[in-house]
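Reading through the structure tokens given below for one structure.
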Amino acid sequence: MLLPSSRSSSWLLSFGHDWSLALCTSASGVSRRHRYDDPTSTRNLRRSRPVLQPGSYEKWSFDLAARLLNIFGAATSAGAYSPGQEQAPAAFRRHGLAEALASRGRTIRDHGDVASFRWRPDPSRPQAMNLEAVRGACDLVASHVATAISGQEDVLVLGGDCTVELGTVAGANAAGARIGLVYMDFDADLNTPDTSDGALDWTGVAHLLNIPGCEPSLAGLGPTRPMLVPQQLLYFGVENITPPEAAAIRDHAIKVISREEALSDIEAAAARATEWAARFDCVLVHFDVDVLSFIDFPIAENVRRCDGLKLEQAAFVLKQLTALMQWHGLTITEVNPAHAPDEPAAFARLNEVLADALG
């Protein structure tokens, strides 16, 4: 069932966007240094977010089909190496995401793109490019996610680069339940700005955990700091880990299901991830499509030729995790439509994966 958007009188199939909330509307729009005063800024966000009382998550409906699924587009490549990911939310919609979900009996509301920014060089911040745009997008995502989860509803966040996850977690934290995040990604994203090349999407998890050296404005996005403690994080399918990241994983005893383990026995790996996630009140899943084999399914921002998961394997894992009664949010990131040899066919497959998992 398709519900009318709360911000538009049009029905969801029209996919009308409210661009008044966008960080920018085109590559030639506002400058990278631009800030604007919005009622959902970080300052006001902490004051105005609806917050569930402790224990109220126990009253949440465990019937997935009965819970409203809110779709939020985070059309931003601000934290990326280059542009492209900002086009993904529109491509998901253009190729039938809402129809695929509705065909599974899921009631949805598509809120359009709540943030928009196209990557650009930022020589003023060579190690944290487009920081203000990243923070602004995360603030907007957090505000919408907080409202949805506080209303006992589910969220699908369409990224966008990996920094979008900061907004999802910050918003979910405001709902008061104990979060567990399953991070499906080929990379660990545990770098800090001083150890990376300026692309903030390689630093997302470091900011979630408030690793020393992070940008305070990103690490402090949510109502709690750190946004997560290491025990609330599980890596799935990770392979590309730098020496500093490996040290952080070891020192913080972060749980890891590696790419090798997942490829060796995907059912066992999915069962381990599901068992881990089931201990939390609110399960979130981060799905970076670079965890997939680029040769098997070329659609990720990163074009490296790695032996990643097949799409069907990732779909199996997603379906197991979203079947948990505690699941409440999925964020999909790093999709670059330009890298798909056949865009309609690729997004038809991706939309079916999402519909099977969330329907």
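FYI, it's all coordinate maths here, none of it is from the lab. These figures come from a predicted structure and were not determined experimentally. All Cβ positions, glycine included, derive from the backbone under ideal geometry; neighbour counts span all protein chains shown.
Things worth noting here:
- Annotation: amide H-H contacts under 5 Å for residue 112 (H modelled 1.01 Å from N, sequence separation of 5 or more, or interchain): 73.
- Over all directions, the projected convex hull of the C-alpha atoms in segment 66-358 averages 12.8 nm² in area.
- Of the residues 325, 184, the one with the fewest other Cβ atoms within 10 Å heads the list, and the complete ranking is 325, 184.
- When each of the peptides 193-201, 157-165, 327-335 is scored by how many other beta carbons lie within 10 Å of its residues on average, the order from highest to lowest is 157-165, 327-335, 193-201.
- The charge dipole of segment 66-358, taken about its Cα centre with unit charges on the Cβ atoms of Lys, Arg (+1), Asp and Glu (-1) only, comes to about 660 debye.
- For residue 76, nonlocal amide neighbours, meaning residues 5 or more places apart or on other chains whose placed amide H falls under 5 Å from its own, are 117, 160, 161.
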